[in-house]
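Laboratory data are not the source of any read-out in this text; all were calculated from the coordinates shown. All values reported here derive from a predicted model rather than from experimental measurement. Counting neighbours? That spans all protein chains shown, and the Cβs are built from the backbone with ideal geometry, glycine included.
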Amino acid sequence: MTTAHPVPAGSSPGSALAAGALPSSAPVGASSTTRPDGAAPAIEIVALRKAYGSNVAVRDVSLAVGPGEIFGILGPNGAGKTTTVECLAGLRQADGGTVRILGRDPQADPASVREVLGVQLQEAELNERMTVAEALRLYASFYESPADPAELMDLLDLTPHRARQFGKLSGGQKQRLSIALALVGNPQVAILDELTTGLDPQARRATWELVERVRDRGVTILLVTHFMDEAERLCDRLVIIDQGVVVAAGSPAELIESVDSSRVLRLRLEPHEEAQALEILTGLADVQAVTREGHEIEVTGTRRVLPAVVLALAEADVVPDVRTVTRSLEDVFVHVTGRTYDHTGATGPTATDDRSSTEGAGR
Amino acid sequence: MTTQTATHPQVAAPRRRKIAGTGWHGLRTLTLTEARLLLRDPGTVFFALLFPTVLLVGVGFAIPGMREVMTDAPPPWGGLTAVAVYVPVALATAVATVALTTMPVYFATFREKGVLRRLSTTPMKPQGLIGAHVVINLVTVCVAALLAVLVGSLVFDLAAPANLSIVVGSFLLGILSMFSLGMLIASRAGKASTASAIGMTLYFPMLFLAGMWTPGPIMPEALRTIGGYTPLGAATQAMTTGWFETGVPVSQLVVMAVWTVVLLPLAARLFRWS
C-alpha cells in the first residue's frame, strides 16, 4: 500500500483543529466535553492548572475521552503531560480546573477512583525480591473485583517469567509487569505514562500491540507519550500539549490533514521516459506542482494525486517507481507551535521514524 | 466488546465509593508478602533477629568479669552477675536496631524507587503499609528479644524477672515509642541514604543513654537522669526496675507514652508517598 494515511470519513480540511483544541481563552462549552457520538466521557479534564511555585507546569488543559478510546496526550518532555495525569489520578492537588473519571471527582475524593482507575507511572519500581506472580497476586488483593493474575500474565507474555524476581527482569519485562499491575484491578480506565520509553524498537512494537489488546477488552486508555510515531500509531484521538497548554486536538489523520491537505509523491523513471511523463503530469487536474529532486520527480497535489498520476502514466505505458512522502504529527507540532519538535527522550526513535517514507510500487 | 462497564458511571458511583472507602482490602496479603520478602533478605533478618543475642553473648564472654557475681555493688545490684544487668540493654538494642535502622531505610528505599507512588494508585491506604511493617517489625523484635533472653539464660546465670508484667509492658511501650520515632524518619526521608544517616545519628547516642557502654550501676547519675527522658533510656530503666526491683517505674512509663502520643500521629500526618 502506498497510501500514507487513511482518509478520515467525511472530514473536511480545517475542521479538525476546531474540535477540541480551543485556545485557553475560549469558553469551555459542551463541544469540548462531549464526544462526537454523544456518549458520556470516561475522562474529562476542564481548564486544569497546576504550578510548582512560580513554575507553571500545566497552564490550561481541557480534554474529553470517550469510553473505549485510546486517547493520547502528546508533547515534548516538560510539556506538563505527567502533571496533567497525576492531577487526573488524584495523586496531585490541582490549582484550578476540574477533572472527572467516570463522573467521579479524583481531586475531592481520590479513593473514589482507585477501584476503577489503573495507573502505570514512570519509574515506579517494586521490591527487587518480589516475583512477577507475587506482585500480581498482591496488587490483585487490593481490589474488590480484580482481574485474574494468570490471565493477565498470559495477555502480557509474563507467564514464562512468573517466578522471576523484579530486580532480575529486563526493561521490557518490567514495563509489561507495570502494565499488568495497572490492569490487575480490572479498571475501566487506564492511564499509561511513557510506557515505551527505554524499550528497543521491537519491544516498543510489541507493547503497542498489547495496548490495542487491552483496549479490545473494553478499557478506556489515556496514553501519555512524547513519541510522535507512538501517538500516530495507537491513538484514536489525541491532544498535543506544549508548555502546559493544549495546542491541537483531534484524530492523528485529522490533525495532519488540517495542517496540509496536499499529498506528495516521488517518481523514479527511466531517463527516456521523463520528458513524456513531465508533460502528462503537468496536465493533470489533481497535480499542483512538479519539481525535480535529483533523480526523482516530486509531485504535489490533492488527495487523489496518487491514483491520478499512476493511472495517467500507465495509459502512456510509463510505469514509475512511486514513493509517497508522508506528513506526520511532527509537522503538526511545528505548524501549531512554530518550533521544531525537541526529541529529548534518551532512547527515542530516530527522526526518520517520525517523518517516514513508505516504499511501494505504483501498481 | 465495547464495555457495559462505562455506560452508567453515575449509577455505579455511589456503590463503588462505599466499597472503595474501606481501603483495607489485601492487608493480610500485604503483610504476608512483605514478611516473605523480608525473609529473602538474609542480611537484614540475621541482623534484626540475632544482633541482640550476639551482643549479649559477646559482651558476656568478651569482657572480663561480666559473668561474676557483683558483691560490692549497692542494692539492687548486689548478688547479680554483670551480664544479667546487661539484659535490658540488649533488649533495648534489639528495639533500637529495628526502629532506627531497618524500618526507616526500608520505607525510604520504597519511596526513592517509586514503590510507594505505585501503591498510592491502588485502593490500599498508606496506613496499611505502615501497619503491615509495624506488625512485621514488632514480631521481629519480640522474636529477637526472646531469643536473646533464652540463649542468655542457657549460657549465663540470669536472674528471673521480679515483675514480669512490668518488664513486658516496658518492653512493648519501648517498642511503641521507638517505632514512632523511627516512623517519623520513615515518613519523611526521601532517600535510603538520608534515612540511614538520620537513623544512625540517633542510634548511637540513644544506645549510649540506654547504657550500652555503662550498664546498670556503672552509669553516672547525671547520664541516668538525661537517659530517663529519652524513649530508649526510659525503656531500659523501666525494664531494669521490673527485672531487679520492686515498684513501678512511673516516670519512665510516662516518658515513653508521651513520646509515642506525640510522634506517632506526627509521623502519620507527615507521611509522603513520593
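Computed values, structure above
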| quantity | calculated |
| --- | --- |
| Neighbour net charge for B:Ile198 - beta-carbon separation under 12 angstrom, K R +1, D E -1 | +2 |
| Proxy reagent accessibility, fewest Cβ within 10 Å first, across A:His272, B:His133 | A:His272, B:His133 |
| B:Ala159-B:Ile218 FRET efficiency (beta carbon distance; Förster radius 25 Å; 0.05 resolution) | 0.90 |
| Gain upon complete extension [A:Glu123, A:Ser261; 0.36 nm per residue less C-alpha separation] | 45.7 nm |
| Area projected by the alpha carbon convex hull of the protein assembly as shown, averaged over all directions, nm² | 35.7 |
| FRET E, pair A:Glu212, A:Glu279, Förster distance 41 Å, beta-carbon r, rounded to 0.05 | 0.30 |
| Full-extension gain in nm, B:Val254 to B:Gln127, via 0.36 nm per residue minus C-alpha separation | 43.1 nm |
| Stokes-Einstein D for the range A:17-258, Kirkwood Rh over Cα pairs, 4 °C, 1.567 mPa s (µm²/s) | 71 |
| Under 5 Å, built H, 5+ apart or other chain: amide partners of A:Ile191 | A:Gly118, A:Val119, A:Gln120, A:Leu222 |
| Charge context of B:Gly128, other residues only, Cβ under 13 angstrom, K/R +1, D/E -1 | +2 |
| Theoretical ellipticity at 222 nm over chain B - DSSP helices of four or more residues, -39500 (n - 2.57) apiece, nearest 500 | -23000 deg cm²/dmol |
| Pairs beyond 18 Å (Cα-Cα), from A:Lys174/B:Lys191; A:Lys174/B:Lys113; A:Lys168/B:Lys113; A:Lys174/B:Lys125 | A:Lys174/B:Lys191; A:Lys174/B:Lys125 |
| Least to most buried among A:Thr340, B:Thr29 (fewest other Cβ within 10 Å first) | A:Thr340, B:Thr29 |
| Sites A:Glu315 and A:Thr340 - FRET efficiency at Förster radius 41 Å, r taken between beta-carbons, to 0.05 | 0.50 |
| For B:27-39, mean number of other protein chain Cβ atoms within 10 Å | 3 |
| Computed lengthening from B:Leu138 to B:Arg36, 0.36 nm per intervening residue step minus Cα-Cα distance | 35.2 nm |
| Kirkwood hydrodynamic radius over Cα pairs of the range B:164-221, then Stokes diffusion coefficient at 10 °C and 1.306 mPa s, in µm²/s | 121 |
| Nearest-ten-degree value, helix B:42-62 long axis tilted from longest Cα axis of chain B | 10 |
| Sequence-distant lysines (8 or more away, or on other chains) whose Cα lies within less than 19 Å of A:Lys50 | A:Lys81 |
